[in-house]
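The values are calculated or read from the model by the stated rules, or taken from the named source; none is laboratory data. In this text, all values refer to a predicted model and were calculated from it rather than measured experimentally. Glycine gets a Cβ as well: all are built from the backbone with ideal geometry, and neighbour counts include every protein chain shown.
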Amino acid sequence: MLIGYARVSTDDQNLQLQLDALKKASCKRVFTDKVSGTRKDRPGLDEALSHVREGDTLVVWKLDRLGRTVKGLVDLVAQLDAEKINFRSLTDGIDTTTTAGRFFFHVMASLAQMERELTLERTKAGLVSARKLGRIGGRRRTMTDSKIKSAKKLLANGMPPRDVARDLGVSIATLYRWIPGAASAE
């Protein structure tokens, strides 16, 4: 069975062109969304995916209607492939029921994997370079040396840990992490 999916990004855009193409392609059911392709929550797509079964084909008018990133598309089509569900994009000429269509998607998957690995390599190189310059990644410490000193003084003078944490602008958990003895002061 052919299951169609159509999407436009905003309410003022029209789905009719896609719906006509999916009907012409003989889709038995068509599910729609009027949301951005970058959003994770797409109820129409979720419903379409819940209706496709092994041997069925998910049909879209164009690849970008299914997702915005190559990785997202490849992951979705890999998920469909694992469930033995075919995929077809009408205007892009992609059909995973054919040898050429499967080949195309394997090439896309390889490119997405290469992109992920190159990003990882660049990130690692950037971190090494930053460390050489004396920079350490991550979030800045909320408990500076002066705050630790102040907290110890306030706790020694009998101030409750909750009040100390509030005065220093940190959570009670952060105070306990930096001054473990503060927990016994309560």
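For segment 47-78, the set of residues classified as of a type in the set (S, T, Y), under 23 Å from K23 (Cβ atoms) and surrounded by fewer than 18 Cβ atoms within 10 Å (Cβ to Cβ) consists of S50 only. Of the listed requirements (1) surrounded by 10 or more Cβ atoms within 10 Å (Cβ to Cβ); (2) out of contact with any Asp or Glu (no Cβ under 8 Å at 6 or more places or on another chain); (3) at pLDDT 85 or above, L111 misses just one: (3).
Within segment 5-22, the set of residues being assigned to a helix (DSSP H, G or I) and more than 18 Å from E47 (Cα to Cα) comprises Q16, L17, D20, A21. With respect to E121, is the statement that it is farther than 30 Å from L15 by Cα and modelled with pLDDT of 90 or more true? Against the criterion (farther than 30 Å from L15 by Cα and modelled with pLDDT of 90 or more), E121 qualifies.
Scanning segment 143-170 for residues that are small (G, A, S) and loosely packed, with under 12 Cβ neighbours inside 10 Å turns up S146, A156, G158, G169.
Residues in segment 56-69 that are part of a helix (DSSP H, G or I) and out of contact with any Asp or Glu (no Cβ under 7 Å at 6 or more places or on another chain) were compared, and the one that is farthest from F105 (Cα to Cα) is R65. Applying a threshold of 6 Å to beta carbon distances and a minimum spacing of six or more residues, or different chains, the list of pairs starting in segment 13-42 at a residue that is assigned by TED's automatic domain parsing to the domain that holds T69 and ending at one that is of a type in the set (S, T, N, Q) and not in a loop (DSSP other than H, G, I, E, B) reads L15/T32. Restricting segment 79-91 to residues that are of a type outside the set (D, E, K, R) and loosely packed, with under 14 Cβ neighbours inside 10 Å, the residue that is farthest from A48 (Cα to Cα) is T91.
Residues that are part of a loop (DSSP other than H, G, I, E, B) and under 22 Å from the mean Cα position of the chain (by Cα) were ranked within segment 23-55; the one that is modelled with the highest pLDDT is R42.
Please verify whether I94 is surrounded by fewer than 17 Cβ atoms within 10 Å (Cβ to Cβ) and in contact with a helix residue (DSSP H, G or I) (Cβ under 8 Å, 6 or more places away or on another chain), treating the condition exactly as stated. Considered against the rule, which asks whether it is surrounded by fewer than 17 Cβ atoms within 10 Å (Cβ to Cβ) and in contact with a helix residue (DSSP H, G or I) (Cβ under 8 Å, 6 or more places away or on another chain), I94 comes out as no. Of all the residues in segment 85-143, those that are of a type in the set (S, T, N, Q), within 30 Å of S171 (Cβ to Cβ) and part of a helix (DSSP H, G or I) number 1. Checked against the criterion of being touching a helix residue (DSSP H, G or I) at 6+ places or on another chain (Cβ under 9 Å) and of a type in the set (A, V, I, L, M, F, W, C), the candidates A82, A112, A100, A48 yield just one match: A112.
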